[in-house]
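Every read-out reported here was derived from the displayed coordinates using simple, explicitly stated rules and does not represent laboratory data. Since we're looking at a predicted model, the values are computed, not measured. Neighbour counts run over all protein chains shown; Cβ positions are idealised from the backbone, glycine included.
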Amino acid sequence: MDDYVRTGDATHRLPRISTELSKAGISMDSIDESSVVVVPSFGLSGYDGPAFPSGTRDLVLFLRKNCGECSILVAASEDSYRELAQRADLWLLPVILVVDPSAASFVAGLLSNYVYDRIVKPLLPGQKAEVESEIIVKHPNRTVSIRYRGPAESFDRVTSRVFGEHAHAEGQSGKNGGDSRGA
C-alpha cells in the first residue's frame with residue numbers, strides 16, 4: 001500500500017498556497033468559508049501562472065453534483081482559469097484542499113468514485129492508466145497531505161488512508177486538548 005500512497009505533515013505548505021492564491025485574487029476568507037478548495041498548480045508544464053490539470057472542470061462538476069452540503073471553491077477567477085494537458089498515460093488531478101476536516105473522508109470517497117467512473121471503467125482490456133493526486137486536509141491542530149501516484153485501479157487506497165489520517169488527527173485533538181505538535 002505504501003508504494004503508492006504517501007502521507008505527511010503539510011502545515012508548512014499552507015502559507016505558500018495562501019500567498020499564491022492571494023496573487024491570483026483569491027482571499028483567505030473565501031477559502032475558509034469553503035469545505036473544499038480546488039487548488040491550481042504553479043509552473044505546470046512551464047506555464048508561468050496558476051493552471052489546473054486537464055479535466056479539472058469535469059472533476060469540479062462531479063464534486064459539486066455529488067457533494068451535497070459541501071461548498072466547492074475553484075481557486076481561480078473565470079478570467080485566469082487555465083487547464084493544461086500533461087502526459088496521456090498519467091491522469092493528474094488538481095490539489096484538493098479540504099478545509100472542513102469532517103468532509104475529508106466523504107470527499108476522498110467521491111474522488112475514488114470519480115477515478116473509477118472516469119478513468120478505470122473506460123479502460124480497454126490490458127490498458128493501464130496512472131493517477132497522481134494530492135489531498136491536503138486542514139485539521140485544527142495540523143495539516144496532513146495524502147499523495148498518490150500509481151495505478152488508477154488502486155486509487156481507492158487513498159480513501160482508506162484519508163479515513164485513517166482523519167481518525168488519527170481527531171483522536172489527537174481529543175486526547176491532548178488541542179496540542180499543535182502533530183504526529
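Per-structure values
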read-out: Lysine pairs with alpha-carbon atoms under 30 Å apart, the chain, spacing 8 or more or separate chains; value: 6
read-out: Rounded, prolate or oblate (a/c below 1.5 giving rounded, otherwise prolate when a/b exceeds b/c) for region 1-64 by Cα gyration tensor; value: rounded
read-out: Over the chain: helical MRE at 222 nm, DSSP H runs n ≥ 4 each giving -39500 (n - 2.57), nearest 500; value: -10000 deg cm²/dmol
read-out: Net charge over other residues, Cβ less than 10 angstrom from the Cβ of VAL99 (K, R count +1; D, E count -1); value: -2
read-out: Rounded D (µm²/s) - the chain, Kirkwood Rh over Cα pairs, Stokes-Einstein at 10 °C, 1.306 mPa s; value: 94
read-out: Percent RCO, i.e. relative contact order, over the chain, from Cα pairs under 8 Å lying at least 6 residues apart; value: 25
read-out: Theoretical FRET efficiency, 1/(1+(r/R0)^6), r = Cβ-Cβ of SER77 and LYS121, R0 22 Å, to 0.05; value: 0.10
read-out: Debye equation applied to the C-alpha atoms of region 84-146, log10 I(q)/I(0) at 0.17, 0.19 Å⁻¹; value: -0.66, -0.78
